[in-house]
1. So which pairs qualify, if the first residue must be in the stretch 103-120 and within 15 Å of residue 136 (Cβ to Cβ), the second must be aromatic (Phe, Trp, Tyr) and outside any helix (DSSP H, G or I), the Cβ gap must be under 8 Å, and the two must be at least 6 apart or on different chains?
2. Tell me, please, whether a residue that is over 11 Å from the mean Cα position of the chain (by Cα) and under 17 Å from residue 189 (Cβ atoms) can be found in the stretch 279-287.
3. Kindly provide the set of residues from the stretch 263-290 that are of a type outside the set (D, E, K, R), at pLDDT below 95 and assigned to a loop (DSSP other than H, G, I, E, B), ordered by number.
4. Please pick out the residue among 135, 106, 190, 150 that is crowded, with 18+ Cβ neighbours inside 10 Å, assigned by TED's automatic domain parsing to the domain that holds residue 266 and either under 26 Å from the mean Cα position of the chain (by Cα) or among the polar types (S, T, N, Q) (or both).
5. Those residues that are modelled with pLDDT of 95 or more and either under 11 Å from residue 170 (Cα atoms) or among the hydrophobic types (A, V, I, L, M, F, W, C) (or both), I need them from the stretch 119-137; list them, please.
6. Is it the case that the stretch 257-275 has a residue that's basic (Lys, Arg), in the same structural domain as residue 204 (by TED's automatic domain parsing) and closer than 15 Å to residue 193 by Cα?
7. State yes or no: is residue 211 at pLDDT below 95, in contact with a Ser or Thr (Cβ under 8 Å, 6 or more places away or on another chain) and either assigned to a loop (DSSP other than H, G, I, E, B) or among the polar types (S, T, N, Q) (or both)?
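The values are calculated or read from the model by the stated rules, or taken from the named source; none is laboratory data. Note that the structure is predicted; figures quoted are calculated from it, not measured. Here the Cβ is made from the backbone with ideal geometry for all residues, glycine too, and neighbour counts use every protein chain on show.
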Amino acid sequence: MKRSSAIRRAVLAAAAVALVVTGCTDRTGGSGGGSGGGGGTPQSPASASAPATGGSASDGSGGSDGKPSSPAPSSSSAAPSSPSSPSSPSSSAEALMKDGDENEQVRELQARLRQLDLFDRAPTGFYGSITGKSVAAFQKRRGLPVTSTVDAATWELLLSLTKEPTADELKPSTTNKLDTPDPRCMTGRVLCISKESRTLAWMIDGKVVSSFDVRFGSENTPTREGEFKVEWKAREWTSTIYHTPMPYSMFFSRGQAVHYSADFAARGYAGASHGCVNVRDRAKLAALFDQVKPGDKVVVHW
């Protein structure tokens, strides 16, 4: 019995250490300039207002029309079409693309809808409610059954009315359009972060002061959703796990933070964090960092 109790205590101690030594960084690992992550046991830097509690690199990331993932082959660049290929759909009414799908075919769908002014933001590769509404608008305009999903008939007609998207159309550097703010963002000082549009809006009493494109964690290391508070800030910080820089970090959930990412600035949505909210506009984030105070609200929502 004594030995069994000792083993249980050892397991619990190991689990506690694992919770402390975790964080977020770019999904490709710690290459120079990649997005960093909090975690570890911070040494209370002079620029921080409070010590970090660490974060989990295994839980938390983002989704909707903006959730990054490993690219899948585009339908336009795939091998010669077959009856099951998206570029040469069968007559089946089965959905080829639907809510929750995430791949390069969805990115192509969004780019083609954008050519018809039916998708008003940068393609993300994730099929969320915004994409569903755009597909429904296309179907209604063209006299197709309005299902908000892409079946063979919808895809075939869209292909015939649009051209193959260019690289710039598939992954433009344009600023993402803000969503309607979550109701929790309408009072007080709030970092209102939308996974649906991949945006961060700095709001005061319901008014948008500034906004940013953002990037979230991967499917395996998602950015947590919910209502939080800015726990502490660090103008200069380096991930204690991945040893990558995290300038202008504003920590809000056990090591997850809003911070500048050189990797995001360089590669855009081709990468992902390990849970943090990456920002690619360094100068703009520096100005925001000076405005945000510990205790300000953070809302991460779809």
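1. 109/127; 110/119; 113/119
2. First pass over the stretch 279-287, keeping only residues over 11 Å from the mean Cα position of the chain (by Cα): 280-287.
Retained after the next criterion (residues that are under 17 Å from residue 189 (Cβ atoms)): 285, 287.
Yes, that holds for at least one residue.
3. 271, 272, 274, 275
4. Details: 135 fails: assigned by TED's automatic domain parsing to the domain that holds residue 266; 106 fails: assigned by TED's automatic domain parsing to the domain that holds residue 266; 150 fails: assigned by TED's automatic domain parsing to the domain that holds residue 266.
Every option except 190 fails the conditions.
5. Within the stretch 119-137, 135, 136, 137 qualify.
6. As a first pass, look at the stretch 257-275 and keep what is basic (Lys, Arg): 267.
Those left that are additionally in the same structural domain as residue 204 (by TED's automatic domain parsing): 267.
Then drop every residue that is not closer than 15 Å to residue 193 by Cα, which leaves none.
No, every residue in the stretch 257-275 fails to be basic (Lys, Arg), in the same structural domain as residue 204 (by TED's automatic domain parsing) and closer than 15 Å to residue 193 by Cα.
7. Values: at pLDDT below 95: yes; in contact with a Ser or Thr (Cβ under 8 Å, 6 or more places away or on another chain): yes; either assigned to a loop (DSSP other than H, G, I, E, B) or among the polar types (S, T, N, Q) (or both): yes.
Here the answer is yes, as residue 211 does meet what is asked.
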